[in-house]
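I have a structure here, written as structure tokens, and I will follow up with some questions on it.
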Amino acid sequence: MIPLSKIVEAHERVKKVIQKTKLAYAPRLSELSGANVYLKKENLQHTGAYKLRGAYNRIATLSQEERAKGVIAASAGNHAQGVAYSAKQFGIRAVIVMPEATPLLKVTGVKRLGAEVILAGNNYDEAYAHALECAKEQELCFIHPFADDEVIAGQGTVALEMIEEKSNIQTVVLPIGGGGLISGVAAAYKQMLPNVRIIGVTAKGAPAMHDSFHAKKIVSVKGVKTIADGIAVRDVTPRNFEYILEGVDDVVQVDDEEIANAVLYLLENQKLVVEGAGAVGVAALLHEKLPVSKGENVAIVLSGGNIDVTMLSVIIEKGLIKSQRKMKFSVILVDKPGSLKGLTDILSQVGANIVRIDYDRTSTSLAYGDANVTIALETKGGEHQEEIRQELWKYHYRFVEID
């Protein structure tokens, strides 16, 4: 476990450059869960995520000689911006290696902060390997996103702010990717308020840390696939795993649809833009993955808000389907005048709003004289969708719902 003194020292360094984010009461989440829910809004941090804390602290602890040579990191997201921002504060060179498929918005965002960007590899692991090679060749100091004690101490400053603002929190919920954030926060809480429960949340599509925690040994997975790209970490780092076993009370997981629902919930009800990784704690609460008691004081860390607009549109779409406010289906009609009108009249009668419709009568998979219609509807919840199904069955429409 990282010593508390190390986290306190880190806070003295980082408080010059970070924004002290609010731990705000969330009345609707509290009403839904029965607990008193508070949100730590690190999505409103400079650079849009908590990663700035660890990156700055790591660079601040380098020697003058090391800083003069410059720093390098591998990241496609928040760590990249944290390192670039921190290096700019010190006036030193920063090189960021990003996977070749990194969205242009993220690449330009890092360049805007003054860093050099190298696009290399098809994924993070390949970019990481290339960054290590560059670090060796150019004598740059590699800043690891999570497997570094100074980085972890920097992330632990989140806990110091939370304790200062509200010392009677009973449960803290955080996302887990590589484990840097939860290792630092758990270390601070367990040394200052040891009875506070620390619960980590992983994405079901990146299960390595969840499976390892419950097996009490490192479990390998072949790959990761999740919309929560900020915690899409394939491998478990031994150092962080030891810290997590020592300081974390439980680890739960949520799937992509639950994450999408949480992103949409925060956007609509809290007026907060939060990325998938930052929303997993709320997803766990909304979908009853967290064992919380009535009146319990629960703090959820919203770790970041850097979400690509294209991904946001996909997440909103998934969230609308999950919350039963959107329904998609395909139906076979006889291709003749009035067939489509008959279908839309039925949908109109049950109050379903058509937002998209595709009419295909040329597909070779169709029988002669048939047409395939795909329709997307705005709906008012589960009962409304069931009413629509009943009406379609009543008039003998053969339809297939699309997720």
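Look through 181, 245, 193 and report the one residue that is at pLDDT 95 or above, buried (at least 20 other Cβ atoms within 10 Å of the Cβ) and of a type in the set (A, V, I, L, M, F, W, C).
On inspection, the qualifying residue turns out to be 181.
All but one of (1) modelled with pLDDT under 95; (2) assigned to a loop (DSSP other than H, G, I, E, B); (3) farther than 20 Å from residue 181 by Cα; (4) within 18 Å of the chain's Cα centre (by Cα) hold for residue 275; which doesn't?
If we test residue 275 against (1) modelled with pLDDT under 95; (2) assigned to a loop (DSSP other than H, G, I, E, B); (3) farther than 20 Å from residue 181 by Cα; (4) within 18 Å of the chain's Cα centre (by Cα), just (3) comes out false.
Any idea which residue in region 318-351 is farthest from residue 287 (Cα to Cα), counting only those that are charged (D, E, K, R) and not in a strand (DSSP E or B)? Before you say what the answer is, go through the steps one by one.
Our first condition is that a residue be charged (D, E, K, R); within region 318-351, this holds for 318, 322, 325-326, 328, 335-336, 341, 345.
Now drop any that are not not in a strand (DSSP E or B), which leaves 318, 322, 325, 335-336, 341, 345.
Working: 318: 15, 322: 11, 325: 17, 335: 43, 336: 46, 341: 39, 345: 36 Å.
Only one residue fits best here, namely 336.
Pairs, please: C-beta under 7 Å, at least 6 apart or cross-chain, first residue hydroxyl-bearing (Ser, Thr, Tyr) and in region 349-375, second outside any loop (DSSP other than H, G, I, E, B)?
What qualifies is 359/340; 359/371; 359/373; 363/372; 374/330; 374/358.
Return yes when residue 282 is under 30 Å from residue 183 (Cβ atoms), of a type in the set (Val, Ile, Thr), assigned to a helix (DSSP H, G or I) and at pLDDT 95 or above and no when it is not.
Spelling it out, residue 282 is indeed under 30 Å from residue 183 (Cβ atoms), of a type in the set (Val, Ile, Thr), assigned to a helix (DSSP H, G or I) and at pLDDT 95 or above.
Here is a yes/no grid of residues against (1) surrounded by fewer than 23 Cβ atoms within 10 Å (Cβ to Cβ); (2) under 14 Å from the mean Cα position of the chain (by Cα); (3) within 24 Å of residue 297 (Cα to Cα):
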{"position": "188", "(1), (2), (3)": "no, no, yes"}
{"position": "200", "(1), (2), (3)": "no, yes, yes"}
{"position": "211", "(1), (2), (3)": "yes, no, no"}
{"position": "216", "(1), (2), (3)": "yes, no, no"}
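While we're here: Would you check if residue 30 is among the small types (Gly, Ala, Ser), assigned to a helix (DSSP H, G or I) and over 18 Å from residue 173 (Cβ atoms)?
For residue 30, the condition - among the small types (Gly, Ala, Ser), assigned to a helix (DSSP H, G or I) and over 18 Å from residue 173 (Cβ atoms) - is not met.
Would you be able to say whether some residue in region 146-155 is of a type in the set (Asp, Glu) and either crowded, with 23+ Cβ neighbours inside 10 Å or in contact with a Ser or Thr (Cβ under 8 Å, 6 or more places away or on another chain) (or both)? Can you show your working first?
We begin by selecting, within region 146-155, every residue of a type in the set (Asp, Glu); these are 148-150.
Filter once more, keeping what is either crowded, with 23+ Cβ neighbours inside 10 Å or in contact with a Ser or Thr (Cβ under 8 Å, 6 or more places away or on another chain) (or both): 150.
For region 146-155, residues of a type in the set (Asp, Glu) and either crowded, with 23+ Cβ neighbours inside 10 Å or in contact with a Ser or Thr (Cβ under 8 Å, 6 or more places away or on another chain) (or both): present.
Now, a different point. Out of all the residues in region 280-326, which are under 16 Å from the mean Cα position of the chain (by Cα) and of a type in the set (Ser, Thr, Tyr)?
303, 310, 313
Take the residues in region 392-403 that are touching a strand residue (DSSP E or B) at 6+ places or on another chain (Cβ under 7 Å) and not hydroxyl-bearing (Ser, Thr, Tyr), then tell me which one is nearest to residue 348 (Cα to Cα).
Only one residue fits best here, namely 392.
Given (1) over 17 Å from the mean Cα position of the chain (by Cα); (2) surrounded by fewer than 24 Cβ atoms within 10 Å (Cβ to Cβ), identify the lone condition not met by residue 53.
Of (1) over 17 Å from the mean Cα position of the chain (by Cα); (2) surrounded by fewer than 24 Cβ atoms within 10 Å (Cβ to Cβ), only one is false for residue 53: (2).
Which residue pairs have Cβ atoms under 8 Å apart, sit 6 or more places apart or on different chains, and have a first residue in region 182-203 that is among the charged types (D, E, K, R) and a second that is modelled with pLDDT of 95 or more and outside any loop (DSSP other than H, G, I, E, B)?
190/198; 190/246; 190/247; 197/171; 197/172; 197/250
May I pose another question? Residue by residue through region 288-317, note down the ones that are surrounded by fewer than 21 Cβ atoms within 10 Å (Cβ to Cβ) and in a helix (DSSP H, G or I).
Hits for region 288-317 are 309, 310, 311, 312, 313, 314, 316, 317.
Shifting gears a bit: Tell me which residues, restricted to region 248-272, are modelled with pLDDT under 95 and touching a Phe, Trp or Tyr at 6+ places or on another chain (Cβ under 9 Å).
Once the filter is applied, which keeps residues that are modelled with pLDDT under 95 and touching a Phe, Trp or Tyr at 6+ places or on another chain (Cβ under 9 Å), region 248-272 yields nothing.
Return the total of residues in region 60-105 being under 14 Å from residue 116 (Cα atoms) and aromatic (Phe, Trp, Tyr).
1
Out of region 367-391, which residues are more than 38 Å from the chain's Cα centre (by Cα) and under 14 Å from residue 344 (Cα atoms)?
391
Counting residues that are within 22 Å of residue 10 (Cβ to Cβ) and not assigned by TED's automatic domain parsing to the domain that holds residue 312, which helices (runs of 4 or more DSSP H) fully inside region 36-132 reach at least 3?
Passing ranges, in order: 51-60, 64-69, 78-90.
Shifting gears a bit: Using beta carbons and a limit of 7 Å, which pairs, at least six apart or on different chains, have the first residue in region 240-255 and not assigned by TED's automatic domain parsing to the domain that holds residue 179 and the second one modelled with pLDDT under 95 and polar (S, T, N, Q)?
Between residues of region 240-255 that are not assigned by TED's automatic domain parsing to the domain that holds residue 179 and residues that are modelled with pLDDT under 95 and polar (S, T, N, Q), there is no close pair.
How many residues, within region 137-173, are farther than 16 Å from residue 1 by Cβ, charged (D, E, K, R) and out of contact with any strand residue (DSSP E or B) (no Cβ under 7 Å at 6 or more places or on another chain)?
4
The values are calculated or read from the model by the stated rules, or taken from the named source; none is laboratory data. These numbers were taken from a predicted model, which means no experiment stands behind them. Methodologically, a virtual Cβ is constructed for each residue, glycine included, from the backbone with ideal geometry; neighbour enumeration extends over all protein chains shown.
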